[in-house]
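Enquirer: Quick one: the structure is below, and I'll ask about it shortly.
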Amino acid sequence: MKARAPRILMLGTAPEGHGGVAALVAVLRAGGLFDSASVRYVSTHREGSLVARLAAAASGFRQAVQACLWRRPAIVHAHASSHGSFARKSLLLWLARCAGCQTIFHLHGGGFRQFATVKSNALLRRWIRHTLERSSLVIALTEGWAGFLRSFAPRARVTVVPNAVPLPQLRAVRAEPGRILFLGRVEAAKGVAELLDAAALLAPRFPRLHLVLAGSGELEAWRRAACERGIGARVEFTGWLDAAAREEQLARAAVFCLPSHAEGLPMALLEAMAAGKAVVASAVGGIPEAVHDGENGLLVPPRDGAALAAALGRILQDARLQEELGTRARARVAQHYSTEVICSQLTAIYNDLAGTR
């Protein structure tokens, strides 16, 4: 007789949001994890005004507490990052442990090391360490992040589960020469200034160069920054894109670029690799574990517009290299980051913690 799936309470941001956690949750739901593992999802954060965020936090807190007290899930699985996200999830995980639940702290966001070691006072650092070490399991997105967590909280039980992306069918849309795509929040921390610098350096060499910045942010300020660099007509700001629009932009792109200053394991990068795109990214966070320089993409130092321009130029002028990098990038996603692979890993974790394997 097949063991009944343990009840899972999963906590995170609203699925309709714009960040990486929302994208991952949507992938896991579409991949069947919520049905096969009996997952109930509760949102504890929502984008919008302060009033909307406070209302979402209060509603999520109430639902999570009620679930722990009356439904008694076997496992509470919280997707968390830094600052307010950590505060909400750490408190709810503490309450879940008090109610007798197993708990999973699933770390996202490239700023957690700075948050835990620099921006927190001694008392908060102690609470962060306590949260990690008292969790039944801590999930890191990469081996690099797992190493940091083990050094910061030596008694924590840490495992690695990468982000997941679906492997789409390749579209019969020809990539447009010179078209560079960025997906993510349009802000300095994502390396947008360096990307504009790189585009300005490349524009004289590549008459068809066209940079697409797809994401939300202070777009008017960045439009002015592009004009100041003399490339205003070469830069397109789309705002945030839904899944269909992202797929179309990826199909048209000659190269995908993500020159962030800090990262965990960005969903946008994995989506571009899954779409068979050549990628140029900064060597930060978990990116070097997904992108092997010269093999399935090109890596550059963060905050270096000249190096970024050189890498982008190398791909834009070499169609064969562009195709080879994209093919190998897609193969790496299929082997290590596909929805099927990651859902299987999470199911095994749930069964192990609940004793139903």
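The values are calculated or read from the model by the stated rules, or taken from the named source; none is laboratory data. Keep in mind that this is a model prediction, so the values were computed, not measured. Cβ coordinates were reconstructed from backbone atoms using ideal geometry, including for glycine residues, and neighbour counts include every protein chain displayed. Ligands, DNA and RNA are excluded from the accessible area calculation, which covers all protein heavy atoms including side chains. Shrake-Rupley method; radii C 1.70, N 1.55, O 1.52, S 1.80 Å.
Enquirer: Please identify the pairs in which a residue from the range 167-186 that is under 18 Å from Val255 (Cβ atoms) has its Cβ atom under 6 Å from the Cβ atom of a residue that is polar (S, T, N, Q) and not in a loop (DSSP other than H, G, I, E, B), counting only partners at least 6 apart or on another chain.
Expert: Here the result reads Leu181/Gln249, each pair linking the range 167-186 to a residue that is polar (S, T, N, Q) and not in a loop (DSSP other than H, G, I, E, B).
Enquirer: Taking Leu24 as meeting all but one of (1) open to solvent by 30 Å² or more (accessible area, probe 1.4 Å); (2) over 21 Å from Ser135 (Cα atoms); (3) touching a residue at least 60 places away in the same chain (Cβ under 8 Å), write down the number of the exception.
Expert: (1)
Enquirer: In the range 115-139, what count of residues is obtained for those that are in contact with a strand residue (DSSP E or B) (Cβ under 9 Å, 6 or more places away or on another chain) and within 18 Å of Ser81 (Cβ to Cβ)?
Expert: 6
Enquirer: How about the range 278-301: which of its residues are in a loop (DSSP other than H, G, I, E, B) and in contact (Cβ under 8 Å) with a residue 60 or more places away in the chain?
Expert: Listed by number, the residues that qualify are Val284, Gly285, Gly286.
Enquirer: Would you please name the residue that is nearest to the chain's Cα centre (by Cα), looking only at residues in the range 226-253 that are part of a helix (DSSP H, G or I) and more than 22 Å from Gln322 (Cβ to Cβ)?
Expert: Ala243
Enquirer: From Ala244, Ala253, Ala272, grab the single residue that is modelled with pLDDT under 95 and under 25 Å from Ala22 (Cα atoms).
Expert: Ala244
Enquirer: Keeping to the range 317-328, report how many residues are open to solvent by 30 Å² or more (accessible area, probe 1.4 Å) and assigned to a helix (DSSP H, G or I).
Expert: Within the range 317-328, residues that are open to solvent by 30 Å² or more (accessible area, probe 1.4 Å) and assigned to a helix (DSSP H, G or I) number 7.
Enquirer: Which residue out of Ala331, Ala268, Ala272, Ala348 is more than 15 Å from the chain's Cα centre (by Cα), under 26 Å from Arg174 (Cα atoms) and either assigned to a helix (DSSP H, G or I) or in contact (Cβ under 8 Å) with a residue 40 or more places away in the chain (or both)?
Expert: Sole residue among the options that is more than 15 Å from the chain's Cα centre (by Cα), under 26 Å from Arg174 (Cα atoms) and either assigned to a helix (DSSP H, G or I) or in contact (Cβ under 8 Å) with a residue 40 or more places away in the chain (or both): Ala331.
Enquirer: Would you please name the residue that is most open to solvent (accessible area, probe 1.4 Å), looking only at residues in the range 63-106 that are of a type in the set (A, V, I, L, M) and not in a helix (DSSP H, G or I)?
Expert: Top of the filtered list is Ala74.
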